[in-house]
Amino acid sequence: MTNRTKRILAFVDAAGLPIFILAFIWRLQFSARWTWMLFLAWLAASFLIHRDTPKTIGARADNLWPAAKQAAIAFAAMAAALIVIGLARGAPHHFPKHLISPRRLWTYFAFCVLQQVALNSLISNRLEFLAGKRWLAALLAGGIFAACHWPNPVLVPITFIGGSVMAWLFLRERNIIPLAIMQVLLGTIAWWSFPVAWHHHLRVGPGYYLGLISPRTAWRVAFRRRASVFRGRLSASEPTSHANSSGTPRLNSTASI
């Protein structure tokens, strides 16, 4: 593979994957939810094409200790800032039980690992190759990370700062596990630091506007929206009129949800 071809493919990754993620958040999750599998396929194909290794994507253990040490320093600074904000705002002196339940933390950790693979194993690596400067690649990665959290007014600035820092840490010491743990803890503290009325349960995209209702109700609203899209397609594929027993045309009607 020539250097020019590699740069073109790196640009496709750095620009195309965020565009696809935004399209899924804002549209595809309602109209074609199965397309999330294309995200996994994109990651796998990119790693194969660019001949990435466990070391280049940060799936390694040999540098776990130095990566953990530098992540701990960054985490301490950002966590302290969030805690000060929370205390100044008058947040409760304890975390809600559901926020620190083992099941929620484990699920959130798995999700953060996936985010770190996309943000750092792929996008940050490609941006560093294109930009040639670590700090510039980190800032660009942070901007992309923040854009994927629009329109949440709490998460957009936090993810820009946090995403830039995590990208910079990754490019210094490639290991995604300490960064995923760091993201879980910072996300949990951020949930506590700011009012739910501001961050809407840390939801992004259209889900942000459903953030003040219960998760079960939000899921039902999303399900009804997908069902409405499906019924609209089904109705469009059927004849617009039928004949009744007397031969008189009768218009179809579709119940709205």
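The values are calculated or read from the model by the stated rules, or taken from the named source; none is laboratory data. Keep in mind that this is a model prediction, so the values were computed, not measured. We place every Cβ from the backbone using ideal geometry, glycine too, and count neighbours over all the protein chains shown.
A few remarks follow.
- Of all residues in the stretch 81-105 being hydrophobic (A, V, I, L, M, F, W, C) and farther than 16 Å from Gly187 by Cβ, the one that is surrounded by the fewest Cβ atoms within 10 Å (Cβ to Cβ): Ala88
- Leu82 fulfils the conditions (1) in a helix (DSSP H, G or I); (2) touching a Pro at 6+ places or on another chain (Cβ under 6 Å); (3) not polar (S, T, N, Q) except for a single criterion, (2).
- Among the residues of the stretch 157-192, the ones that are among the hydrophobic types (A, V, I, L, M, F, W, C) and more than 23 Å from Arg104 (Cβ to Cβ) come to 8 in all.
- Residue in the stretch 101-117 that is more than 25 Å from Tyr209 (Cβ to Cβ), β-branched (Val, Ile, Thr) and in contact (Cβ under 8 Å) with a residue 60 or more places away in the chain present: yes
- Pairing each residue of the stretch 38-55 that is in contact (Cβ under 8 Å) with a residue 24 or more places away in the chain with any residue that is hydroxyl-bearing (Ser, Thr, Tyr), provided the two are 6+ apart or on different chains, yields C-beta distances under 9 Å for Leu43/Ser121; Phe47/Thr53; Phe47/Thr56; Phe47/Ser121; His50/Thr56; Asp52/Ser46; Asp52/Ser121.
- Test: Ala197 is modelled with pLDDT under 95, out of contact with any strand residue (DSSP E or B) (no Cβ under 8 Å at 6 or more places or on another chain), hydrophobic (A, V, I, L, M, F, W, C) and outside any loop (DSSP other than H, G, I, E, B): yes
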